[in-house]
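Participant: Have a look at this one.
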Amino acid sequence: MFIFLKKIFYFFYREFKVNISGFHDILTNITFFFISIFIFIFSIGPQDKILSVMGVSILWTLLLLSSTLSLTKFYRDDFDTGNLIILHLNGFSFEFIAILKTISHFIYVQVPFIISIPIACVLINIPMEKVYSLLISFAIGSFILSCLGSISSSMNLLNKRNYLLGSVIVMILSIPVIIFSVGIINTEENFISLINVLFGILLIIFAINPWATGACLKIALQNN
Amino acid sequence: MLLTKNISLFRADKIIFENINLSIGSGKILGLKGKNGSGKTSLIKTILCILEPTSGSIFWKGKNIEKNLYDFYNNVTYIADKTSSLKQLTINENIKIWKNIFLSKINNDQIEKILQTLKLDSYKNKKTNILSLGETKKLELLRLIIENKKIWILDEPFTNLDSEAIDVIKQTFEDHCKKEGSIIFSSHQNVQINTTEDLLL
């Protein structure tokens, strides 16, 4: 058990080192997010009421777009360098790799967004009482986006010509996530039930992710 | 230990290889020789069960390999024709990650000695993206010692290496065979290795 945990710990250490050395990528994502917010603010104009009504939807749309920017590197580097095979030969099944990579994507890509949400809320004039529910909805929703990102980027490995296909799939599949996430923030009565629905979606996608991703990785390595 | 019986691989109606029979036991070296595109890498990937043979079977310790896959994987180190070291990290960081993910028992003094033999010791705190192709290959081959497994499967291990490094690798192969290990390697180069058996593809 200790050996197993040690392997997992060093897998995350490896991901940490890779992500820290590629910190500019994380910074680029966050910069894209904030610049897009400013573009919305300038295009709508100094109308606080419109901004605070549309703010949550704008934030969610931008969070979705920003997190899709990081999808190209999800599995690509490990696939190209042969590390996927080496990890597989050393006791990491493709399904297990999918779970670990999804968690590390959440930690290193989505958590910086969660941290920057309060600042974004101030910029878009979202009332402070909504920030709390926005953080909860994004914490759950972003993990769903990481799972969807894992599936779509493993599908991208099967397709050598069109790297954007995966991002398109993520966007289509994330529509229900956005509907419920924005619903959570704008509702006053059904808060808990909508959180439960969003959490249910997370559990379903989290269960599907390893099998779907594992199968795609296996086929991609066979076709390589 | 490892046996293939009439394995064939067809891809998109093209015959990659056909009716290959191999057996490799303790202390043996098998060389897969052939030109570029002759199917050496595909054969290696088939042996590793990454590609599924169109026909034929592979056996590990007398059992069909599919039923015994993780035991086989516990005994095999694969060196691909690609670089698996992470370019963003230093040699030492790469080694630290390999040691811990592969649960290696090798100690730092042993690693230091090997780095000196491979003339990589002066770069150990430098990122691997500054290494030449040959030095990157040497670092890759270091994984054989770190993983410390019985079967070594290597795809084009001599590419980009100078004669001095090739001699070190030859010596390492011989030492591994003396310890009852087995080696399968592919090469399109004319490197003189005392193989037990050669297969021309």
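Participant: So which of A:Phe92, A:Phe96, A:Phe74, A:Phe79 ends up being aromatic (Phe, Trp, Tyr), within 12 Å of the chain's Cα centre (by Cα) and closer than 21 Å to A:Ala212 by Cα?
Facilitator: A:Phe74
Participant: Exactly one of these conditions fails for A:Val111: (1) aliphatic (A, V, I, L, M); (2) surrounded by 15 or more Cβ atoms within 10 Å (Cβ to Cβ); (3) more than 14 Å from every other protein chain (Cβ to nearest Cβ). Give me its number.
Facilitator: (2)
Participant: For the stretch B:4-114, give me every one of the helices (runs of 4 or more DSSP H) that falls completely inside it and has 1 or more residues that are open to solvent by 10 Å² or more (accessible area, probe 1.4 Å), more than 9 Å from chain A (Cβ to nearest Cβ) and over 20 Å from B:Glu135 (Cα atoms).
Facilitator: Once the helices (runs of 4 or more DSSP H) in the stretch B:4-114 are filtered for at least 1 residues that are open to solvent by 10 Å² or more (accessible area, probe 1.4 Å), more than 9 Å from chain A (Cβ to nearest Cβ) and over 20 Å from B:Glu135 (Cα atoms), what remains is B:40-47, B:69-73.
Participant: Out of the stretch A:20-40, which residues are without any contact (Cβ under 8 Å) to a residue 60 or more places away in the chain and within 18 Å of the chain's Cα centre (by Cα)?
Facilitator: A:Ile20, A:Gly22, A:Phe23, A:His24, A:Asp25, A:Leu27, A:Thr28, A:Thr31, A:Phe32, A:Ser36
Participant: Which of the strands (runs of 3 or more DSSP E) contained wholly in the stretch B:141-201 include at least 3 residues that are open to solvent by 40 Å² or more (accessible area, probe 1.4 Å)?
Facilitator: B:197-200
Participant: Considering A:Lys17, A:Lys7, which residue is within 14 Å of chain B (Cβ to nearest Cβ) and either in contact (Cβ under 8 Å) with a residue 12 or more places away in the chain or in a loop (DSSP other than H, G, I, E, B) (or both)?
Facilitator: Testing whether each residue is within 14 Å of chain B (Cβ to nearest Cβ) and either in contact (Cβ under 8 Å) with a residue 12 or more places away in the chain or in a loop (DSSP other than H, G, I, E, B) (or both) leaves just A:Lys7.
Participant: Next question. For the stretch A:65-108, which residues satisfy the criterion of being more than 14 Å from chain B (Cβ to nearest Cβ) and in contact with a Pro (Cβ under 9 Å, 6 or more places away or on another chain)?
Facilitator: A:Ala98, A:Ile99, A:Thr102
Participant: Going by the conditions given, is A:Ser52 more than 14 Å from chain B (Cβ to nearest Cβ), part of a helix (DSSP H, G or I), at pLDDT below 90 and surrounded by 19 or more Cβ atoms within 10 Å (Cβ to Cβ)?
Facilitator: Against the criterion (more than 14 Å from chain B (Cβ to nearest Cβ), part of a helix (DSSP H, G or I), at pLDDT below 90 and surrounded by 19 or more Cβ atoms within 10 Å (Cβ to Cβ)), A:Ser52 does not qualify.
For (1) more than 24 Å from A:Thr61 (Cβ to Cβ); (2) free of Cβ contacts under 8 Å to residues at least 12 places away in the same chain; (3) of a type in the set (A, V, I, L, M); (4) crowded, with 23+ Cβ neighbours inside 10 Å, each residue gets a yes or a no:
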{"site": "A:Ile126", "(1), (2), (3), (4)": "no, no, yes, yes"}
{"site": "A:Ile136", "(1), (2), (3), (4)": "no, no, yes, no"}
{"site": "A:Phe143", "(1), (2), (3), (4)": "no, no, no, no"}
{"site": "A:Cys147", "(1), (2), (3), (4)": "no, no, no, yes"}
{"site": "A:Ser150", "(1), (2), (3), (4)": "no, no, no, yes"}
{"site": "A:Asn159", "(1), (2), (3), (4)": "yes, yes, no, no"}
{"site": "A:Ile169", "(1), (2), (3), (4)": "no, no, yes, no"}
{"site": "A:Pro176", "(1), (2), (3), (4)": "no, no, no, no"}
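The values are calculated or read from the model by the stated rules, or taken from the named source; none is laboratory data. Not measured: the values here are computed from a predicted model. Counting neighbours? That spans all protein chains shown, and the Cβs are built from the backbone with ideal geometry, glycine included. Heads up: the accessible areas ignore ligands, DNA and RNA and are worked out on the full protein's heavy atoms, side chains in. Shrake-Rupley method; radii C 1.70, N 1.55, O 1.52, S 1.80 Å.
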